[in-house]
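Everything on this sheet refers to the single structure shown next.
The values are calculated or read from the model by the stated rules, or taken from the named source; none is laboratory data. Keep in mind that this is a model prediction, so the values were computed, not measured. Counting neighbours? That spans all protein chains shown, and the Cβs are built from the backbone with ideal geometry, glycine included.
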Amino acid sequence: MSELITKPCTAFRNTQRLSSGPLIEVAMAVKAALEADQTDTILVFDDANGKVVDLDLRGTKADIITRLSAPPQASPSNRPPRLADPTPVAPKGRGRPKLGVVAKEITLLPQQWEWLATQPGGASVTLRKLVEEAKRKTAIQNTKAAQEATYRFMSAMAGDLPGYEEATRALFAGDRERLEMEIARWPEDVREYVMKLGVKG
């Protein structure tokens, strides 16, 4: 089954949550709601990034599933071939492991091994530092992605609500307490979804 069909989404009818769950379930709930009342304003949001999801709801459920299941165009992989570690593996000697270190194989290009060998503390210390720095950057990226997702939703659903500008400032300042205070007067479902998106970082 296509990942698009199962990705988590949420539909809002005006400011009330209509449906939440896999996209196909949300799509069918939206279809039923529109068939009952075509004057409703309904928006569907991707729970992962806060973007509005455009749906083609013509035809039967099978028709909708077929459209959502259309495979994306595959792109050729540009991954370079895996190279073996040119450094000979030393036999394991006696000694106790430090800091819970686990030895596993990694593969690098010869020039990368040469660069690691010139770093203070050697390859292991340098690799650990690189991993920690990458984790720190990933955390920052995750926080930024959560803020952007929340902002997309707020722009679509809450631009006319009281405290919107102040809430936006609090969001990008990372001030959760102030954000909660600024959106306290918003409709409950909108408020809850803002906080759901905003805590992902």
Checklist entry - From the residues in the range 155-201 that are part of a loop (DSSP other than H, G, I, E, B) and among the basic types (K, R), which one is surrounded by the most Cβ atoms within 10 Å (Cβ to Cβ)? => result K200
Next on the checklist: Pairs please, first residue from the range 150-173 and without any contact (Cβ under 8 Å) to a residue 60 or more places away in the chain, second anywhere and among the aromatic types (F, W, Y), Cβ atoms under 6 Å, 6+ apart in sequence or on different chains.
Outcome noted: A158/Y164; L161/W186
Item to check | Test result for L161, under 30 Å from W115 (Cα atoms) and more than 21 Å from the chain's Cα centre (by Cα) | outcome: no
Checklist entry - What are the residues in the range 5-60 that are touching a residue at least 60 places away in the same chain (Cβ under 8 Å) and more than 22 Å from T150 (Cβ to Cβ), if any? => result I5
Checklist outcome for this item: Residue hits (the range 47-78; among the small types (G, A, S) and either out of contact with any Ser or Thr (no Cβ under 9 Å at 6 or more places or on another chain) or at pLDDT 95 or above (or both)) are A48, G50, A62, A74, S75, S77
Item to check | Test: residue in the range 129-151 that is over 24 Å from the mean Cα position of the chain (by Cα) and either modelled with pLDDT of 75 or more or outside the structural domain of D46 (by TED's automatic domain parsing) (or both) | outcome: yes
Item to check | Among residues of the range 25-46, those that are modelled with pLDDT of 95 or more and either among the acidic types (D, E) or under 16 Å from I65 (Cα atoms) (or both), counted | outcome: 9
